[in-house]
1. Relative to the present Cα-Cα distance, how much length would full extension add between Arg21 and Arg79 at 0.36 nm per residue of separation?
2. If you line up the long axis of helix 51-61 against the longest principal axis of the chain, both from Cα atoms, how many degrees apart are they, to the nearest 10?
3. Once you put a point 7 Å from the Cα of Ala86 and another 7 Å from the Cα of Arg54, both along the Cβ direction, what distance in nm separates them?
4. Which loop trypsin sites (Lys or Arg not before Pro) in the range 87-140, with loop taken from DSSP, have no more than 11 other Cβ atoms within 10 angstrom of their Cβ?
5. Using only the C-alpha atoms of the chain, find the volume of their convex hull and express it per residue in Å³.
Amino acid sequence: MIRINPRIHIDESELEEQFVRSSGPGGQNVNKVATAVELRFDVRHSPSLSAGVRLRLGRLAGRRLTKDGVLVIRAERFRTQEQNRADARARLVALLREAAVAPKRRVKTRPTLAAKERRLKSKTKRGTVKRLRRETPREE
C-alpha cells in the first residue's frame with residue numbers, strides 16, 4: 001500500500017513495473033542489464049482516485065498519459081534497478097500529491113472608489129503631459 005495523503009492510498013497491485021535496458025553511458029553493463037524502470041499506473045480505472053484527482057492528474061501528466069489513460073513513468077537516472085524503481089515510485093507519488101491538491105477558487109473583487117479615482121487621475125496627468133509635448137502650429 002502506497003500512501004499519497006490521508007485520503008488517498010494506492011495498492012501495489014495497481015502498479016505495473018517493467019525493466020528495460022537503459023540508454024546512455026554505462027560501459028559493457030548497459031548492453032546486458034535491464035536497469036531502467038517503466039512504471040505503469042492505470043489512472044482511468046483506478047478505484048483509489050476521485051474524479052477531480054483523475055482530471056487534474058491527466059492535465060499534469062501531459063504526454064506521459066497514454067490514450068487508454070495509463071500513466072507511464074520511465075526512470076533511468078541511476079545505474080541500479082533498485083534505485084530506478086524507488087525513483088519512479090517517488091515521482092509517481094509526487095505527481096499524485098500535486099494532483100490531490102484542489103486549486104483555490106478565485107473570489108471576484110471590485111476595485112475601490114479611491115483606486116478608480118487614482119487610475120483616472122494618472123490617466124489625465126499622462127494625457128496632459130502628452131498634450132504639452134505636442135508641437136503647436138506657428139502663426140505667420
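What follows is calculated from the coordinates using simple rules that are stated; it is not laboratory data. Values in this document were obtained by computation on a predicted structure and should not be read as measured data. Cβ placement follows ideal geometry from the backbone for every residue including glycine, while neighbour counts extend to all protein chains displayed.
1. 19.8 nm
2. Relative to the chain, helix 51-61 is tipped by roughly 90 degrees.
3. Between Ala86 and Arg54, the simple spin-label model gives 3.4 nm.
4. Here the trypsin sites (Lys or Arg not before Pro) that fit, given the DSSP loop and packing criteria, are Lys104, Arg105, Arg106, Lys108, Arg134, Arg138.
5. Enclosed volume per residue, from the Cα hull, is 265 Å³.
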